[in-house]
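Please treat every number below as a calculation from the coordinates, not as lab data. What you see is a predicted model; the values in this text were computed from it and never measured. Neighbour counts run over all protein chains shown; Cβ positions are idealised from the backbone, glycine included.
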Amino acid sequence: MNTRRSLVFLERQTYRRRRLIDWIRFLPIIGLMLWMVPLLWPIEGDKQVSSANAIIYIFAIWFALVFLKALSAQALRHTADQTDHAAGGDPKQETS
């Protein structure tokens, strides 16, 4: 029996949308790893990091995650609008 391996073709927009959704799902894991970095900082000795700097670091990471999540959501909305527009639907019009 001759079995050929079939190629899977994904549209460019569909592929990009799925990768964007993967990125959005991975953001909290990245944030958690970055929030754990202060646990690796020395707490004694000459290279001690002050608590104020650690708090600034934590809030900077938090702000960056919120900003990246907002940009990602906007990009996802943009790709959904393009997909709807390419399919011939009106993205402004909702169906009941």
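Remarks
- Note on Leu40 and Gln13: their simple-model spin labels are 4.1 nm apart, each label 7 Å out from Cα toward Cβ.
- Per-residue HN-Hα couplings for segment 45-57 [Karplus 6.51, -1.76, 1.60; θ = phi - 60°; Hz; x = Gly/Pro]: x, 6, 9, 5, 9, 6, 5, 4, 5, 5, 5, 4, 4
- With both labels modelled 7 Å from their Cα along Cα-to-Cβ, the Trp62 to Ala80 distance reads 2.8 nm.
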